[in-house]
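J.: If you scroll down you'll find the structure; I have some questions about it.
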Amino acid sequence: VFVFELSREIPVIINQFGERGEKFGLMLAAAGIDIDLNDHTILLSDRGTGRLQQFKLTYDPAAPRRIDPEMTRFSTAWDFETLRASMPDPKPTWPIEPAAIHSDRNRNLYVIDRRNDQVHVFDQSMKYVRSWGKHGGGNGEFRGPTDLSFSKSGETVFVVDSLNRRVQAFDLRGTPQNSWRIEGSNAGALAKPFGITSGKDGFVYVTDSARGRVLKFDGQGTFIKQWSEAGGKMGQLWKPRGIS
């Protein structure tokens, strides 16, 4: 994981942590990241080890940014197979494959489980709260979910349902509200959506990794605009994923 300082014209790496491995603090297939600036912690999901790892973030917000090798340190970890065992029946059919992770305003953690096509929710003590979704193309079902984000109000969860080429909206209990999907090559069409972010301005931004672009929607799924294209030149994108 790389930490960048962004105030300059060219971003500068001021910290990096983790490397390939199975020991605590190391990763095999890092997937999702969630940062809590109030608690000064970073959570990382790892599909390779099936773990959630927490790192402590230490810095002075008022001090100038500088290279700081000691900025982050491993704190604790949770094993998703142990968390799966704590769930009530019926448990997920397959071991949880954690992908994107995001916390709501009450510090509940929402975890995308790509293998079981579900969203799992845990409280801040990592006690199980609820799950929703199953494999399929119907309302509230998923095929290869990749990312999630919360609306400006914090009352709606947007989930990228990648292989169904759509975005679905749910309330915080997992009840479907609406979904949007534009077919073909029309403006706003999602060929292979992957990352999503929403909130501060009320709009929803989705990356399309197949077509190398970013698409902007309002909170109800109405298409606003899109930009970029697949390529390696400045301003182009090649298989874009995460967005913030």
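The values are calculated or read from the model by the stated rules, or taken from the named source; none is laboratory data. Here the structure is a predicted model, which means the values were calculated and not measured. Neighbour counts are summed over all protein chains in view; Cβ atoms, including those assigned to glycine, are modelled from backbone coordinates with ideal geometry. Side chains included, ligands, DNA and RNA excluded: accessible areas come from the protein's heavy atoms. Shrake-Rupley method; radii C 1.70, N 1.55, O 1.52, S 1.80 Å.
J.: Quote the FRET efficiency, to the nearest 0.05, computed for Ser185 versus Ile13 with a Förster distance R0 of 25 Å and r equal to the Cβ-Cβ distance.
T.: It comes to 0.05.
J.: Could you work out how far apart the two model spin labels at Lys192 and Lys91 are, taking each label as a point 7 Å from the Cα in the direction of the beta carbon, and quote it in nm?
T.: 3.3 nm
J.: Using the Kirkwood radius built from alpha carbon pairs, what does the Stokes-Einstein equation give as D for region 86-162 at 20 °C and 1.002 mPa s, in µm² per second? It would help to have the intermediate numbers written out before the result.
T.: Numbers: Rh = 12.7 Å.
For the chosen part, D equals 169 µm²/s.
J.: Here's a follow-up. Could you state the accessible area per residue of region 1-89 in Å², with a 1.4 Å probe and every protein chain left in place?
T.: Dividing the accessible area of region 1-89 by its residue count gives 63 Å².
J.: Show log10 I(q)/I(0) for the chain at q = 0.16, 0.17 Å⁻¹, two decimals, from a solvent-free Debye sum over equal Cα scatterers.
T.: Once normalised to I(0) and log-transformed, intensities are -1.26, -1.38.
J.: Using only the alpha carbons, work out the radius of gyration and Dmax of region 169-244 in angstrom.
T.: For region 169-244, the Cα-based Rg and Dmax read 12.8, 43 Å.
J.: What order, most packed first, do the peptides 99-111, 8-20 have when packing is the mean number of other Cβ atoms within 10 Å of each residue?
T.: Packing proxy ranking, top to bottom: 99-111, 8-20.
J.: In whole percent, and with a 1.4 Å probe on the protein chains, what portion of the accessible area of region 15-60 is carbon and sulfur?
T.: Here carbon and sulfur together make up 46 percent of the probe-accessible area.
J.: Relative to the present Cα-Cα distance, how much length would full extension add between Lys200 and Lys239 at 0.36 nm per residue of separation?
T.: Values: separation 39, 0.36 × 39 = 14.04 nm, distance 2.52 nm.
Gain on extension, Lys200 to Lys239, equals 11.5 nm.
J.: Per 0.36 nm of contour for each residue apart, how much would the distance between Asn178 and Arg73 grow if the chain were fully extended, relative to their Cα-Cα spacing?
T.: That works out to 33.7 nm of additional length.
J.: Would you please give the residues with an amide H less than 5 Å from that of Ser103, counting only those at least 5 places away or on a separate chain, with H modeled from the backbone geometry?
T.: For Ser103, the qualifying residues are Tyr110.
J.: Further question on the same structure: Would you mind giving the average projected area, over all directions, of the Cα convex hull of region 1-86 in nm² with one decimal?
T.: 6.3 nm²
J.: Separate question: Multiply the residue separation of Asp60 and Lys152 by 0.36 nm, subtract the distance between their alpha-carbon atoms, and state the gained length in nm to one decimal.
T.: 30.3 nm
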